[in-house]
Amino acid sequence: MPKSALDPRDPLGLDDLFDAEELAVRDTVRAWCADRVLPHIADWYERGELPEVRELARELGSIGALGMHLEGYGCAGASAVQYGLACLELEAADSGLRSLVSVQGSLAMYAIHRWGSEEQRQQWLPGMAAGETIGCFGLTEPDHGSDPASMRTRAKREGADWVLDGRKMWITNGSVAGVAVVWARTDDGIRGFVVPTDTPGFSAPEIKHKGSLRASVTSELVLEGVRLPAAAALPEVSGLKGPLSCLNQARYGIVWGALGAARSCLEAAREYSIGREQFGRPIAGFQLTQAKLADMSLELNKGLLLALHLGRRMDAGTLRPEQVSYGKLNNVREAIGIARTARTILGANGISYDYPVMRHANNLESVLTYEGTVEMHQLVIGQALTGQAAFR
Ligand code: TGC
Ligand code: FAD
């Protein structure tokens, strides 16, 4: 047995499971976050802003993080595991950063890459990969969240054109997007539309007063007689499988990302417990604190193994959507548990934005809900196990 001390940041030696290129991607994104995000994030969060979002998007483009796992059109063509590690590092900084990247790459760009025409890909993807154009993805509506099949936003044909009317709600990147992928009901089922956000009739008021994802732009999309040419429709898909196929990609990123938030919380709690003394000794020396740290570390590392397993399956082309649900459900639920336990270790300091824990805990409340709530993923897994759909 090796005698060297265990690395508390990698107690199981999971780094051995990644190759040099994967670790290089991780280190690049980690260094970018340390330089560009960590010095400012508490302030941005408290102000409820992502003030340099366009500059950040361009920088994320320059390190290859936008549409990272897509091929061609200026995208990095990274593996799923590399993309997962990037999501983890981004979310260790803040879920808002990972959201920006998820929505850009896994939702808006993926929709165009997977279901768009060659013309649409050429028109939009290079600028989006470079971070010159920010994208958003409008599926959720004020009255239809978990059940997007009931959406009311409508696209009607008028001659060769399409005319869109409706509202989307809780849309990440909405107010700063140059292009919106909007899903709407048509006579032929649900279709996707690539909407330049300067089209007359389109507006995206920002949603304020959020207690979570405060360093992220969240918006309503209002579509009032938005007239688009025939070529704006995504030609290669109709039906709910269009948007749901994009969600598989973004949910996969969250499987990794949530662990980044959890890692940041665990690290903050571990360090704090070593420095904080009560009853004449470091609180790290109390058995109850150690039990918390041990359980947090255990769940974090189990989550990493799960994420890596799903990532290897994605790279092999064998990952099923239901398997993504296992990862999203488990890793976000465990991450929020870790954040809450970490907060107890920090005592009153746990509620201060001087430490990252409360920020991550609050963010993870959104992460628990978006991209399919806990209950939706339980029902997806339940259906896979029993063959019975229990959604409605
Ligand atoms: P259902 O009848 O089961 O399926 C309809 C069609 O879709 C196909 N399908 C899928 N295809 C690809 N991937 C998946 N995961 C799929 N799940 C289903 C299915 O085969 C069928 O195809 P076809 O050809 O037979 O028509 O649909 P349902 O209406 O019963 O709904 C199922 C349910 C509840 C699982 C689904 O509606 C769901 O996932 N609801 C949750 C909605 C959700 O996650 N919304 C997220 C919005 S985007 C977002 O939150 C971004 S936040 C990002 C950030 O900021 O980071
Ligand atoms: P509801 O669907 O109303 O659910 C409320 C509760 O009821 C949940 O607990 C749910 O699990 C439960 N419930 C519903 N149906 C059932 C059932 N059949 N059985 C048991 N329980 C059930 N959407 C986008 O399209 N694009 C985005 O970019 C985007 N970004 C977001 C960013 C943030 C910060 C947030 C908070 C949300 C974002 N969303 C986005 C929306 C998100 O996807 C939805 O909030 C989510 O899908 C849940 O929908 P809802 O909020 O309407 O909740």
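A few remarks follow.
- Cα long-axis angle, helix 321-345 against the chain (0 to 90 degrees, to the nearest 10): 40 degrees
- At full extension, R340 and F286 could sit 17.6 nm farther apart than now, given 0.36 nm per residue minus the alpha carbon distance.
- Computed over segment 135-200, the P(r) tail beyond 13 angstrom holds 62 percent of alpha carbon pairs.
- Based on DSSP H segments of at least four residues, each scored -39500 (n - 2.57), the chain has a per-residue ellipticity at 222 nm of -16000 deg cm²/dmol.
- Listed pairs K156/K208; K241/K328; K156/K210; K208/K328; K168/K210 exceeding 22 Å between Cα atoms: K156/K208; K156/K210; K208/K328
- Crossing angle, helix 357-369 versus the chain [Cα axis fit, 0-90 degrees, rounded to tens]: 40 degrees
- The chain - accessible surface per residue (Å², probe 1.4 Å): 43 Å²
- Gain upon complete extension [T186, Q388; 0.36 nm per residue less C-alpha separation]: 69.9 nm
- The simple spin-label model puts a point 7 Å past each Cα toward its Cβ; for R154 and A230 those points are separated by 2.3 nm.
- For segment 59-201, the residue among S79, A111, G64 whose Cα projects farthest onto the positive side of the dipole built from Cβ charges is A111.
- Rolling a 1.4 Å probe over the protein heavy atoms of the chain, with every protein chain left in place, gives an accessible area that is 52 percent carbon and sulfur.
- One quarter of the surface of the convex hull around the alpha-carbon atoms of the chain equals 20.5 nm², the direction-averaged projected area.
- Solvent-accessible area of W124, all protein chains in place: 40 Å² (probe radius 1.4 Å, heavy atoms, ligands and nucleic acids excluded).
- Note on exposure: S150, S219 ranked by accessible area (1.4 Å probe, complete protein assembly) read S150, S219, with the most exposed listed first.
- Once the Cα atoms are used to define both axes, helix 20-36 deviates from the longest principal axis of the chain by about 90 degrees.
- Cα pair count fraction exceeding 22 Å, expressed as % - segment 14-129: 34 percent
- Relative packing of 135-145, 11-21, 249-259, 70-80, which averages over residues the other C-beta atoms within 10 Å, highest first: 249-259, 135-145, 70-80, 11-21
The values are calculated or read from the model by the stated rules, or taken from the named source; none is laboratory data. Every value quoted in this text rests on a predicted model; they were computed, and no experiment measured them. All Cβ positions, even for glycine, are placed from backbone atoms using ideal geometry, and neighbour counts span all protein chains on display. Ligands, DNA and RNA are excluded from the accessible area calculation, which covers all protein heavy atoms including side chains. Shrake-Rupley method; radii C 1.70, N 1.55, O 1.52, S 1.80 Å.
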